[in-house]
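> Take this structure first; my questions come after.
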Amino acid sequence: ADVAYLRSVLPSTTDDAFFDYLATLDASEVTVTAIPEGSVVFARVPFLQVKGPLLVVQLLETTLLCLVNYASLVATNAARFRLLAGPDMKLMEMGLRRAQGPDGALSASKYSYIGGFDCTSNILAGKLYGIPVRGTIAHSFVMSFRSLEEVQLRELPPRAGGDPVDLAALAVSWLPRVCDLLRTPPGKANQGELAAFVSYAVTFPCDFQGLLDTYCVRRSGLPNFCAVALALHQLGYQAIGVRLDSGDLAQQSKEIRRVFRACGAHFQVPWFGTIPIAVSNDISEQSLEEFRREGSEIDMIGIGTNLVTCPLQPSLGCVYKLVEVNGSPCLKLTEDEEKMTIPGMKTIYRLYDASGHPFMDLMALEEEPSPSAGQELGIRVLGRLGETTKVIPSTVEPLHRTYFRDGQVCEPLPSLPEVRTHAQVSLNLLSPAHRRLHEPQPYPV
């Protein structure tokens, strides 16, 4: 069917032998070497190398670039967010509604996880890739309730067993006590919001969480949540968190933490002060820097648009260039130095210093002898090719591995969690000067 379609769109003068060849095409003569998935790769370093018949490897160009460009871009963007957030912050990818179509959304979920995110709101990505899935209740759920009379299931048995208790009535009895502690009028707490929280808590008593900013965080969301959470506690259950989706997130998180601690101390509920606080709302790299600068009490951050659309760098620009044909090196010359190619089939080495940090990536022709630890090397840094300098690596790591040969995958492919772990290890090996996001020290190749 594919060959028939090509016959219909190619010029009528195309030789029949070409279509006969396409019908028997296979990849048995193709060899693919690559830097392992999840590795840190620097500009101008060939992270994928394809050998085989010219026509076959030309046909692979667009497919391979499609597969690696967006994937690498999103993983890199996610890694930047992870570096800014620090190792302990929980990061949730929630970009499905803003991604470039369903395929882009699935790719974004998968490669955000590789880049260091902990979970996704994309259930299909969870099903297909095994990524942990998380979510919170929606504003529309809270707004769909008007009063406690709309709560159809109200009774909840204590966790330790016993007769069911009217959770709505119990929450109502807690609300004035909470409002008195918070010094806010009970009449300002929205009854529809309280009904939504009660309905959710009856359904998911072990997983109760509140979305606090549908109406007013201080006067409604917080007291309503605390009243329901304390009612659940009285029956032996423990709330698992709250989410904010608007306003000054860092400042509000600190105020919410103070309220939780005050409730925990006043009502003698020790775990109350440590209820996790999650935030969302167009979070960017600048947002994370502000959270850190202001000293927030945030435990989890949901990031969507600025993660999956990569606005700081909308495309990666990996290219696929011919460097050798029939044993002869090829060089593309152009007025734009950045677009000039580096000829010849190469082997890539990563050189480490005595502290265990990589300090340079070395490209050598395949036939050149491999460098070794402690050996003095004469090198030329890209951009300064007229100068020869000497370096002595403490460790030398060959980066390329052969993954595909004779039509078969010949290297065990890592699982998604293994790639994710490798990505974090690779990043952590970089020296702080190379890893920082603002004005990093250039890494030489």
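> Where in the range 50-91 does the label zone of Asp26 land, with the point 7 angstrom along Cα→C-beta and an amide N cut-off under 15 Å?
53
> Treating the range 77-308 as a set of equal point scatterers at the Cα positions, no solvent, please give the Debye-formula log₁₀ I(q)/I(0) at q = 0.11 Å⁻¹.
Computed log10 I(q)/I(0) values: -0.58.
> Please report, in debye to the nearest 20, how large the charge dipole of the chain is about its Cα centre when each Lys and Arg carries +1 at its beta carbon and each Asp and Glu carries -1 there. Please list the in-between numbers first.
Working: 39 positive and 48 negative charges, 317 e Å.
Value, rounded to 20: 1520 debye.
> What residue among Thr274, Ile303, Phe197 has its Cα farthest toward the positive end of the dipole of the range 77-308, where the charges are +1 on Lys, Arg and -1 on Asp, Glu, each on the Cβ?
The residue sitting most towards the positive pole is Thr274.
> How big is D, in µm² s⁻¹, for the range 265-424 by Stokes-Einstein at 10 °C and 1.306 mPa s if Rh is the Kirkwood radius over C-alpha pairs?
Values: Rh = 21.5 Å.
Rounded, D is 74 µm²/s.
> Which order do peptides 300-312, 325-337, 179-191 fall in by mean Cβ count within 10 Å, highest first?
The most tightly packed comes first, giving 300-312, 179-191, 325-337.
> In whole Hz, what ³J(HN,Hα) sequence does the range 374-388 give by Karplus (6.51, -1.76, 1.60; θ = phi - 60°), x for Gly and Pro?
With coefficients 6.51, -1.76 and 1.60, one gets x, 8, 6, 10, x, 10, 10, 7, 4, x, 9, 5, x, 10, 9 Hz.
> Here's a follow-up. Count the DSSP beta bridges whose two residues both fall in the range 77-308, then state the antiparallel fraction as a percent rounded to the nearest 5.
Approximately 10 percent, going by the DSSP bridge assignments.
> What number results when the radius of gyration of the range 185-225, computed over Cα atoms, is divided by 2.2 N^0.38 Å?
1.09
> What spacing in nm lies between the two simple spin-label points modelled at His438 and Ser144, each 7 Å away from Cα in the Cβ direction?
Label at His438, label at Ser144, 4.4 nm between them.
> Also: Let me know the whole percent of all Cα-Cα pairs from the chain that are separated by more than 40 Å.
38 percent
> Something else: Provide the per residue accessible area, probe 1.4 Å, for the range 77-308, rounded to a whole number of square angstrom.
Roughly 45 Å² per residue, with all protein chains present.
> Students often forget the sequence filter, so: which lysines lie under 30 Å Cα-Cα from Lys127 once same-chain residues fewer than 8 apart are removed?
Lys127 reaches Lys90, Lys110.
> Give me the lysines in straight-line cross-link reach of Lys339: C-alpha distance below 21 Å, same-chain residues under 8 apart excluded.
Lys321
> Computed over the Cα atoms of the range 55-183, what is the ratio Rg over Rh, Rh following Kirkwood?
Rounded to two decimals, Rg over Rh is 1.21.
> So what is the relative contact order for the range 267-384, in percent, with contacts set as C-alpha pairs under 8 Å and at least six apart?
13 percent
> So if we plug the beta-carbon distance of Asp163 and Arg218 into 1/(1 + (r/R0)^6) with R0 = 51 Å, what FRET efficiency do we get, rounded to 0.05?
That gives a FRET efficiency of 0.90.
> Further, regarding this structure: Between Gln238 and Arg258, what FRET efficiency comes out of the Förster formula 1/(1 + (r/R0)^6) with R0 = 22 Å and r the beta carbon distance, rounded to 0.05?
Values: r = 20 Å, r/R0 = 0.91.
Efficiency at R0 = 22 Å is approximately 0.65.
> Determine the distance separating the Cα centre of the range 8-50 from the Cα centre of the range 216-230; give it in Å without decimals.
59 Å
> Does anyone have the angle between helix 61-85 and the longest principal axis of the chain? Alpha-carbon axes, 0 to 90°, nearest 10?
For helix 61-85, the angle is close to 40 degrees.
> Given a Förster radius of 25 Å and the C-beta distance between Ser355 and Arg292 as r, what FRET efficiency does 1/(1 + (r/R0)^6) yield to the nearest 0.05?
Result of the calculation: an efficiency of 0.45.
> In whole percent, and with a 1.4 Å probe on the protein chains, what portion of the accessible area of the range 77-308 is carbon and sulfur?
For the range 77-308, the apolar C and S fraction of the accessible surface comes to 50 percent.
> Now, a different point. Give the aspartates and glutamates whose C-alpha is closer than 14 Å to that of Lys332, dropping any in the same chain fewer than 8 places away, or say none.
Answer for Lys332, where 14 Å is the Cα cut-off: Glu324, listed by chain and number.
> Just how large is the dipole of the range 64-195 about the Cα centre, in debye to the nearest 20, putting +1 at every Lys and Arg Cβ and -1 at every Asp and Glu Cβ?
460 debye
> Residues of the range 36-75 with the amide nitrogen closer than 17 Å to a label point 7 Å from the Cα of Ala17, along Cα-to-Cβ, please.
It comes to 54-56, nothing else.
> With unit charges on the beta carbons (Lys and Arg positive, Asp and Glu negative) and the dipole taken about the Cα centre of the range 77-308, which residue among Gly241, Ser121, Ala262 sits farthest to the positive side?
The one lying farthest along the dipole's positive direction is Ala262.
> Under 19 Å from a label point 7 Å along Cα→Cβ of Asn428: give me every residue in the range 109-123 with its amide N that close.
113-119
> Would you mind pulling out the separation of the Cα centroids of the range 316-390 and the range 130-198, in Å?
63 Å
> If amide H atoms are built 1.01 Å from N in the plane of the peptide, which residues on other chains or at least 5 residues away come under 5 Å of the amide H of Arg243?
Long-range HN contacts for Arg243: Gly210, Leu211, Leu212, Ala278.
> Now for a different question. Could you tell me what percent of the DSSP beta bridges with both partners in the chain are antiparallel, to the nearest 5?
Taking every DSSP beta bridge within the chain, about 65 percent pair in antiparallel fashion.
> For the range 266-343, report the translational diffusion coefficient in µm²/s to the nearest whole number, using Stokes-Einstein at 4 °C, 1.567 mPa s, and a Kirkwood Rh over Cα pairs.
In µm²/s, the coefficient is 73.
> I would also like to ask the following. Could you please tell me the mean projected area of the C-alpha convex hull for the range 1-131, averaged over all directions and given in square nanometres to one decimal?
Averaged projected area of the range 1-131's Cα convex hull equals 11.2 nm².
The values are calculated or read from the model by the stated rules, or taken from the named source; none is laboratory data. This structure is a prediction, so every number in the text was calculated from the model and none was measured. Ideal geometry is used to build each Cβ from the backbone, glycine not excepted, and the neighbour counts take in all protein chains shown. For accessibility, only protein heavy atoms count, side chains too; no ligands or nucleic acids. Shrake-Rupley method; radii C 1.70, N 1.55, O 1.52, S 1.80 Å.
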